[in-house]
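The values are calculated or read from the model by the stated rules, or taken from the named source; none is laboratory data. The shown structure was predicted, so the numbers you read here are calculated from the model rather than taken from an experiment. Reconstructed Cβ throughout: ideal geometry from the backbone, glycine too, with neighbour counts over all protein chains shown.
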Amino acid sequence: MARPWISTVTALLSGFLTVLTLVTRDWLEVTGFDPDRHSGAVEWGLVAILGAISLVSGAVAGTRWRRAIAST
């Protein structure tokens with residue numbers, strides 16, 4: 001029963017970070033890490049990667065929740 005929760009938390013966390021990156025594009029520089037020297041390229045890459053992770057994790061979570069409910 002832990003697998004649906006793991007997928008759900010992963011989807012929510014990556015979705016939150018996607019929105020955070022869209023709203024506050026310089027949050028990565030606040031940590032002291034600035035690989036693109038303020039060009040924003042890394043942040044747009046993060047949006048793409050985190051958005052994809054969120055969508056896939058959400059789909060997996062939905063499937064796992066349906067299976068968990070059906071098996072009970």
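Kindly provide the set of residues from the stretch 1-35 that are over 27 Å from Val60 (Cα atoms) and loosely packed, with under 14 Cβ neighbours inside 10 Å, ordered by number. Don't jump to the end; show me each part of the working.
Initially, the stretch 1-35 is screened for residues over 27 Å from Val60 (Cα atoms), giving 24-35.
Thr24, Asp26, Trp27, Val30, Thr31, Gly32, Phe33, Asp34, Pro35, listed by residue number.
Residues of the stretch 36-62 being among the hydroxyl-bearing types (Ser, Thr, Tyr) and surrounded by 12 or more Cβ atoms within 10 Å (Cβ to Cβ), which ones?
Scanning the stretch 36-62 gives Ser54, Ser57.
Scan the stretch 59-72 and tell me whether some residue there is outside any helix (DSSP H, G or I), at pLDDT below 85 and out of contact with any Lys or Arg (no Cβ under 8 Å at 6 or more places or on another chain). Lay out the reasoning, then the answer.
Residues of the stretch 59-72 outside any helix (DSSP H, G or I): 72.
Next, only the ones that are at pLDDT below 85 stay: 72.
Pick out the ones that are also out of contact with any Lys or Arg (no Cβ under 8 Å at 6 or more places or on another chain) and you get 72.
Yes, some residue in the stretch 59-72 is outside any helix (DSSP H, G or I), at pLDDT below 85 and out of contact with any Lys or Arg (no Cβ under 8 Å at 6 or more places or on another chain).
Taking the stretch 1-48 on its own, how many of its residues are in contact (Cβ under 8 Å) with a residue 12 or more places away in the chain, closer than 30 Å to Ser71 by Cβ and either among the aromatic types (Phe, Trp, Tyr) or in a loop (DSSP other than H, G, I, E, B) (or both)?
Residues flagged as in contact (Cβ under 8 Å) with a residue 12 or more places away in the chain, closer than 30 Å to Ser71 by Cβ and either among the aromatic types (Phe, Trp, Tyr) or in a loop (DSSP other than H, G, I, E, B) (or both) within the stretch 1-48 amount to 1.
Out of curiosity, is Phe16 of a type in the set (A, V, I, L, M, F, W, C) and modelled with pLDDT under 90?
On the way: of a type in the set (A, V, I, L, M, F, W, C): yes; modelled with pLDDT under 90: no.
It is false that Phe16 is of a type in the set (A, V, I, L, M, F, W, C) and modelled with pLDDT under 90.
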